[in-house]
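Student: Questions regarding the structure given below will be posed in turn.
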Amino acid sequence: MQAGPICPRPPDGEPMKRHTPPRTQPRPAEDCRVLEALLRQNQILLELLGAMNGLTAALLARERRRE
């Protein structure tokens, strides 16, 4: 006895019907708020990176003076 295919094919001439959920687009106001939040987050991260680089440079200079 042969087993049937795992995903049976529709009979010839009958297209397979698939459900695709509709894409919901965010409203322009929501887009602006998201972009502004991301911009603020980016700015904070850049400031934090600059502070970390400054601290690293200070620690390295201090270590060099000790030698």
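Taken together, the values in this text are just the output of simple stated rules run on the coordinates, not laboratory data. Values in this document were obtained by computation on a predicted structure and should not be read as measured data. All Cβ positions, glycine included, derive from the backbone under ideal geometry; neighbour counts span all protein chains shown.
Student: State the answer as a single residue: which of GLY50, VAL34, LEU60 lies farthest towards the positive end of the charge dipole of region 27-67, with beta carbon charges of +1 for Lys and Arg and -1 for Asp and Glu, about the Cα centre.
Tutor: Highest projection toward the positive end goes to LEU60.
Student: Over 11 Å, how big is the tail of the calculated P(r) for region 27-67, in percent of all Cα pairs?
Tutor: When every Cα pair of region 27-67 is considered, 69 percent fall beyond 11 Å.
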